[in-house]
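K.L.:
Below is the structure I would like to discuss, written out as structure tokens.
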Amino acid sequence: MKEIEFKIKGLMMDPLTNAPIVVLQEASSDTLLPIWVGIFEANAIALEIEKVDTPRPMTHDLIKGLLGHLDVKVTKIVVTELKDNTFYALIFLDAGGRVITVDSRPSDAIALALRTQSPIFVTDEVLAKSSSASSESAERSTPEDIRKWLENLNPEDLGKYKM
């Protein structure tokens, strides 16, 4: 399975459901991958994107601190699967030369990747499933509808997520 590097393009609200969406963009192209996330995870991502300091460590800062004290490094996160409209991810850790993978929600993995400056990857299989998901009829907007809507957005619109 091929892994393709992505960057965070922004965070926004789904215009139909008002749910937060993390928008990933392929590092070497204009391919976008919207991932719907929970409100708390969106806030954790937004805090890091906007470099907001909190008076006490948030959950993802706590995890980063624990890993640092244990001398474990996050080497990458990978969005590995899309099943029943749910994305799955793995966090790859280097513990003294030993590779450890930890199952994670993509939103938590992305929040941790931002804090540790770790690369974000998506498998080609997830990308294929994500674009084929648009052919299925769904009551809410499909990834393809959102993708088309995203492509027509101004760059300023992506920063409009409010915590």
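The values are calculated or read from the model by the stated rules, or taken from the named source; none is laboratory data. Model, not experiment: these values are computed from the prediction. Every residue, glycine as well, gets a Cβ built from its backbone with ideal geometry; the counts of neighbours run over all protein chains shown.
K.L.:
Taking LYS73 as the residue in question, decide whether it is at pLDDT 95 or above, over 24 Å from SER130 (Cβ atoms) and in contact with a strand residue (DSSP E or B) (Cβ under 8 Å, 6 or more places away or on another chain).
P.N.:
yes
K.L.:
Quick one: count up the residues across segment 26-47 that are among the acidic types (Asp, Glu) and surrounded by 19 or more Cβ atoms within 10 Å (Cβ to Cβ).
P.N.:
1
K.L.:
For segment 50-63, indicate whether the set of residues that are farther than 22 Å from ASP124 by Cα and either under 12 Å from the mean Cα position of the chain (by Cα) or part of a strand (DSSP E or B) (or both) is non-empty.
P.N.:
Keep residues of segment 50-63 that are farther than 22 Å from ASP124 by Cα, which gives 50-63.
Filter once more, so that each one left must be either under 12 Å from the mean Cα position of the chain (by Cα) or part of a strand (DSSP E or B) (or both): none.
Checked against the condition, which is being farther than 22 Å from ASP124 by Cα and either under 12 Å from the mean Cα position of the chain (by Cα) or part of a strand (DSSP E or B) (or both), segment 50-63 yields no hits at all.
K.L.:
Mind listing just one residue for me: the one in segment 111-149 that is more than 15 Å from LEU32 (Cα to Cα) and assigned to a helix (DSSP H, G or I) and, of those, modelled with the lowest pLDDT?
P.N.:
SER135
K.L.:
Ok, one more. For ILE110, all conditions in the list (1) among the hydrophobic types (A, V, I, L, M, F, W, C); (2) out of contact with any strand residue (DSSP E or B) (no Cβ under 9 Å at 6 or more places or on another chain); (3) under 22 Å from LYS2 (Cβ atoms) hold save one; what is the number of the exception?
P.N.:
(2)
K.L.:
Now a separate question. Looking at this structure, is SER104 under 15 Å from the mean Cα position of the chain (by Cα) and under 18 Å from VAL126 (Cα atoms)?
P.N.:
So SER104 fits the description; yes.
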